Amino acid sequence: MLTDQLRNIVERMPKAELHIHIEGSLEPELIFAMAQRNGVSLAYPSVEALRQAYAFTDLQSFLDIYYAGASVLLTEQDFYDMTAAYLARAHADNVRHAEIFFDPQTHTARGVPFETVINGISRACHDSPVSAQLIMCFLRHLSEEEAIATLEDAAPHRDKFIGVGLDSSEVGHPPEKFARVFDRARELGLHLVAHAGEEGPPAYIRNALDILNVERIDHGVRCLEDPLLVERLVREQVPLTVCPLSNIKLRVFDVMGKHNLRDLLDKGLVATVNSDDPAYFGGYVNDNYVAAFEALPLDASHAKQLAKNSFTAAFLEPEQKRAFLAEVESFFAQHP
């Protein structure tokens, strides 16, 4: 049961967010404002009609709406405004550090230059009170050749992002499809992450580790189907960026009371809580914490562990990481 005291703790505690797709933070109101600004016609007559379309049956039904929403993003200012809006929400949720995914292929395929995308997003990160870094994702339903071309397009902007990831339709697009582009990214000194074990099987998690050499698994909730994989993830302390509301919205779990977040923590996995695509899945990071803590047998000790995990799993310099972890300890010393 989520008491007022526990709600206060999970909402106010310092935290990092490590699994946020910036295009998935685009609220319907902003979509309509940008459509009007840019002369883009939408298939939905109103903000409310668009919001009602957010009844997804699986990952693909979400992606169809997601790409339609992204069609309004055309100028550097659009990307700036979208990112600034997310970071303002993150700041209100006491997010101290965010590692933000962006999908350049969603935009370059529409004729938007790569530099327009990354310059707008990175400028908003620079202007924010929240520490923020970018991770460029490859769309796994497209070819590896297209991913390699995207990495080449990104080369002049290497100073604006810290890593690469893999997102979009998981089933039928296993990690090994992108072995060469991840090898190249590793040679460039980039951090490596990948979505795996959301809709795809535990084998996708193992292959992301063995073939792509990723440092962090995005989602990963299906790992519990494979006890040997769980042992490995615990032994190697591979973080999982779990997104509770997303998992319910996309039918990974039927209801929050059946989510395995508590089980992941009990087994010693480095699980974290994140919002994924908050405009589409029902809430930002604090909404995810509150929903999970309302439905599951989680207490203040779990809140502290999740806060610590979020910074432990982040791609921060050691000194920054120590400072954020010290802030978590200080907060919980004041909120026993």
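How many residues does segment 118-154 contain that are over 22 Å from Leu87 (Cβ atoms) and without any contact (Cβ under 8 Å) to a residue 24 or more places away in the chain?
Adding up the residues that qualify gives 4.
Condition test on Gly163, is it within 26 Å of Val252 (Cβ to Cβ), of a type outside the set (Ser, Thr, Tyr) and under 19 Å from the mean Cα position of the chain (by Cα)?
Considered against the rule, which asks whether it is within 26 Å of Val252 (Cβ to Cβ), of a type outside the set (Ser, Thr, Tyr) and under 19 Å from the mean Cα position of the chain (by Cα), Gly163 comes out as yes.
Filter segment 179-219 down to the residues that are among the charged types (D, E, K, R), crowded, with 24+ Cβ neighbours inside 10 Å and either within 16 Å of Glu146 (Cβ to Cβ) or touching a Ser or Thr at 6+ places or on another chain (Cβ under 6 Å) (or both) and list them by number.
Matches in segment 179-219: Asp218 only.
Results for (1) in contact with a Lys or Arg (Cβ under 8 Å, 6 or more places away or on another chain); (2) free of Cβ contacts under 8 Å to residues at least 24 places away in the same chain; (3) surrounded by fewer than 23 Cβ atoms within 10 Å (Cβ to Cβ), shown as yes or no for each residue.
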position	(1), (2), (3)
Leu265	no, no, yes
Gly283	no, no, yes
Ser310	yes, no, no
Arg322	no, yes, yes
Ala333	no, yes, yes
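Checking Arg110 against (1) outside any helix (DSSP H, G or I); (2) surrounded by 21 or more Cβ atoms within 10 Å (Cβ to Cβ): exactly one of these is not met. Which one?
Condition (2) is where Arg110 drops out.
Against the condition surrounded by fewer than 21 Cβ atoms within 10 Å (Cβ to Cβ) and either over 29 Å from Leu224 (Cβ atoms) or in contact with a Cys (Cβ under 9 Å, 6 or more places away or on another chain) (or both), how does Glu176 come out, does it pass?
No: the conditions fail for Glu176.
Taking into account only those residues within segment 204-233 that are within 20 Å of Arg251 (Cα to Cα) and assigned to a helix (DSSP H, G or I), which is nearest to the chain's Cα centre (by Cα)?
Restricting to residues being within 20 Å of Arg251 (Cα to Cα) and assigned to a helix (DSSP H, G or I), the top hit is Val221.
Scan segment 173-185 and tell me whether some residue there is in contact with a Lys or Arg (Cβ under 6 Å, 6 or more places away or on another chain), at positive phi and in contact (Cβ under 8 Å) with a residue 12 or more places away in the chain.
The answer is no; no qualifying residue exists.
Can you tell me which residue in segment 314-336 is modelled with the highest pLDDT, limited to those that are within 25 Å of Thr3 (Cα to Cα) and either touching a Leu at 6+ places or on another chain (Cβ under 8 Å) or not in a helix (DSSP H, G or I) (or both)?
His335
Given the conditions (1) over 20 Å from the mean Cα position of the chain (by Cα); (2) surrounded by 14 or more Cβ atoms within 10 Å (Cβ to Cβ); (3) in a helix (DSSP H, G or I), which single one is not true for Glu29?
Here Glu29 clears every test but (2).
If a residue must be in a helix (DSSP H, G or I), in contact with an Asp or Glu (Cβ under 8 Å, 6 or more places away or on another chain) and either free of Cβ contacts under 8 Å to residues at least 60 places away in the same chain or not hydroxyl-bearing (Ser, Thr, Tyr) (or both), how many such residues does segment 63-79 contain?
2
Residues of segment 234-257 being modelled with pLDDT of 95 or more, more than 26 Å from Glu187 (Cβ to Cβ) and assigned to a helix (DSSP H, G or I), which ones?
Those that are modelled with pLDDT of 95 or more, more than 26 Å from Glu187 (Cβ to Cβ) and assigned to a helix (DSSP H, G or I): Val234, Arg235, Pro244, Leu245, Ser246, Asn247, Ile248, Met256, Gly257.
Quick check on this structure: which one of Ser71, Ser128, Ser122, Ser61 is modelled with pLDDT under 95, hydroxyl-bearing (Ser, Thr, Tyr) and more than 19 Å from Asp276 (Cβ to Cβ)?
Matching residue, one of Ser71, Ser128, Ser122, Ser61: Ser71.
State the number of residues belonging to segment 212-258 that are more than 27 Å from Phe56 (Cα to Cα) and of a type in the set (D, E, K, R).
Summing the residues that are more than 27 Å from Phe56 (Cα to Cα) and of a type in the set (D, E, K, R) in segment 212-258 gives 6.
Just one of Glu115, Glu170, Glu146 is over 26 Å from Phe62 (Cβ atoms) and either out of contact with any Leu (no Cβ under 7 Å at 6 or more places or on another chain) or not in a strand (DSSP E or B) (or both); which is it?
Step by step, each of Glu115, Glu170, Glu146 is checked, and only Glu115 is over 26 Å from Phe62 (Cβ atoms) and either out of contact with any Leu (no Cβ under 7 Å at 6 or more places or on another chain) or not in a strand (DSSP E or B) (or both).
Which number in (1) more than 26 Å from Leu59 (Cα to Cα); (2) part of a helix (DSSP H, G or I) marks the one condition that Arg96 misses?
Here Arg96 clears every test but (2).
Against the conditions (1) among the acidic types (Asp, Glu); (2) within 18 Å of Leu190 (Cα to Cα); (3) surrounded by fewer than 16 Cβ atoms within 10 Å (Cβ to Cβ), where does Glu115 fall short? Just the number, please.
(2)
Determine if segment 54-62 includes at least one residue that is free of Cβ contacts under 8 Å to residues at least 24 places away in the same chain and either assigned to a helix (DSSP H, G or I) or within 21 Å of Lys249 (Cβ to Cβ) (or both).
Checked segment 54-62: at least one residue is free of Cβ contacts under 8 Å to residues at least 24 places away in the same chain and either assigned to a helix (DSSP H, G or I) or within 21 Å of Lys249 (Cβ to Cβ) (or both).
The values are calculated or read from the model by the stated rules, or taken from the named source; none is laboratory data. For clarity, every value in this text was computed on a predicted model and none was experimentally measured. Don't worry about glycine lacking a Cβ; one is built from the backbone with ideal geometry, like all the others, and counts go over all protein chains shown.
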